[in-house]
Each structure stands twice: as structure tokens, then as C-alpha cells.
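Accompanying notes for the structure given below.
The values are calculated or read from the model by the stated rules, or taken from the named source; none is laboratory data. Model, not experiment: these values are computed from the prediction. Here the Cβ positions follow ideal geometry from the backbone for every residue, glycine too, while neighbour counts run over all protein chains shown. Heads up: the accessible areas ignore ligands, DNA and RNA and are worked out on the full protein's heavy atoms, side chains in. Shrake-Rupley method; radii C 1.70, N 1.55, O 1.52, S 1.80 Å.
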Amino acid sequence: MSALNWTISVEDVLLRKRVILQGVFEAEYVDAPGARCRVVEPIKVKIVVVAARDGIAVGGYARTTIEHPCDRCLKPVFLPIHGTIEALYKPVSEMPVSDQEELKSLRNVLYYDSDQIDLTDRIIEAIVVEIPMKVLCSDNCKGLCPYCGANLNEEKDHKCIEDSVDPRWKKLFLVKQNLTKEG
């Protein structure tokens, strides 16, 4: 499969009534909230663009696997992604005057102001939306030691000693030790 241009001509869609784009979306990384994720498998995309009564309807999917760091221990986690692409494009001349009108509809309505519509953001959006809020390497991941950064999954009997604590955190370490002794 070769790389495609993910921009469509509004005129072409209106004339043909239906356009299908299918191929590989080229990307090495996807920026997700809190992490830059490496794309491990080619991003396979299929998008159907239809001239509908109320605008230009876009639907399809994006399939890939990404590498995301575990939110507790930072170990790489491979996430299969099966994202859905859905949007309705309307000319900017039909944009609601007030925010209240737009809030009445929960549809994914976007507005275009040229003769071309770029679907790149819809592909990335389909991937990012599929990433869980919390990515864990396993449900029982113990994470990193808050004092020295040791991976607690790999060091089962880890005991942090004062000398191994980063000097910037030493005062907090001593406070925690005192609270543990008292409580």
C-alpha cells in the first residue's frame, strides 16, 4: 500500500456523491495527552466520504498498534488501536451564530472554508480517542519508587535507604520516614 493524500475536493465529492479513500497513513509518532506514542504498525485507514443532504458526511476507521509508556512504571505498552472516524462537514457560511445552537447537537460538525477538506486530523483523532485514560503494563503494576525511581515490579523487596535518595527529595524522604515511625 502506498501513502495517500488525505485531502478531498469538495467539488469532487458533490459531483461523485461518494468517494472512498483507503490506504496507509504515514506517521512515526502520535501525540497523545501526556505522551508521545511511537506508531508500531502501519496505520491502515479507510474513509468513505458522502455528499449528504445536510453536509459532507465522513465515516471510516484507522487501525494500528502504538507504543505508550505505562503510567506507573514507564515500561512500554503496545496498544492495538481500532479507531472510528466520524464527522459532518458544512460550509463555514452555515456556522451557527451562537454557541447555544451548536451545543444542541452532539454531532461532530466541522466547518470548511475552502474547496479542499483535509482529513488528517480526523485520522489522528480516531487514534488518540482510543487510548485509555490510564495505560498500565498490568493491572497490578507497582510503579516506581517515589524516592529513588526504582521499578518496584522488578525489585520485589525494595527498601529505599536514605543514601540512595536524590538529594533534592531528601527532606521529603525524612518527613515520610518520621510519619511512618509515628503512625
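Can you name every residue in segment 70-84 that is open to solvent by less than 70 Å² (accessible area, probe 1.4 Å) and either modelled with pLDDT under 95 or out of contact with any helix residue (DSSP H, G or I) (no Cβ under 9 Å at 6 or more places or on another chain) (or both)?
First, the residues of segment 70-84 that are open to solvent by less than 70 Å² (accessible area, probe 1.4 Å): 70, 73, 76-77, 79, 81, 83.
Once the filter is applied, which keeps residues that are open to solvent by less than 70 Å² (accessible area, probe 1.4 Å) and either modelled with pLDDT under 95 or out of contact with any helix residue (DSSP H, G or I) (no Cβ under 9 Å at 6 or more places or on another chain) (or both), segment 70-84 yields CYS70, CYS73, PRO76, VAL77, LEU79.
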(message) Looking only at segment 148-173, filter to residues that are at pLDDT 70 or above and hydrophobic (A, V, I, L, M, F, W, C); which one of those is least open to solvent (accessible area, probe 1.4 Å)?
(response) ALA150
(request) Check ASP31 against each of (1) within 12 Å of the chain's Cα centre (by Cα); (2) not in a strand (DSSP E or B) and name the one condition it does not meet. (result) (2)
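Residues to consider are VAL13, VAL58; find the one that is in contact with an Asp or Glu (Cβ under 8 Å, 6 or more places away or on another chain) and surrounded by 12 or more Cβ atoms within 10 Å (Cβ to Cβ). Show your work before the answer.
Working: VAL13 fails: in contact with an Asp or Glu (Cβ under 8 Å, 6 or more places away or on another chain).
Checking each option against the conditions leaves just VAL58.
Yes/no per residue for (1) in contact (Cβ under 8 Å) with a residue 12 or more places away in the chain; (2) in a helix (DSSP H, G or I); (3) more than 13 Å from the chain's Cα centre (by Cα); (4) farther than 24 Å from TRP6 by Cβ:
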site: VAL49; (1), (2), (3), (4): yes, no, yes, no
site: GLY60; (1), (2), (3), (4): yes, no, yes, no
site: LEU88; (1), (2), (3), (4): yes, no, yes, no
site: VAL128; (1), (2), (3), (4): yes, yes, no, no
site: ILE131; (1), (2), (3), (4): yes, no, no, no
site: LEU136; (1), (2), (3), (4): yes, no, yes, yes
(request) Please work out which one of (1) modelled with pLDDT under 90; (2) under 26 Å from the mean Cα position of the chain (by Cα); (3) within 27 Å of GLN22 (Cα to Cα) is the condition SER105 fails and give its number. (result) (3)
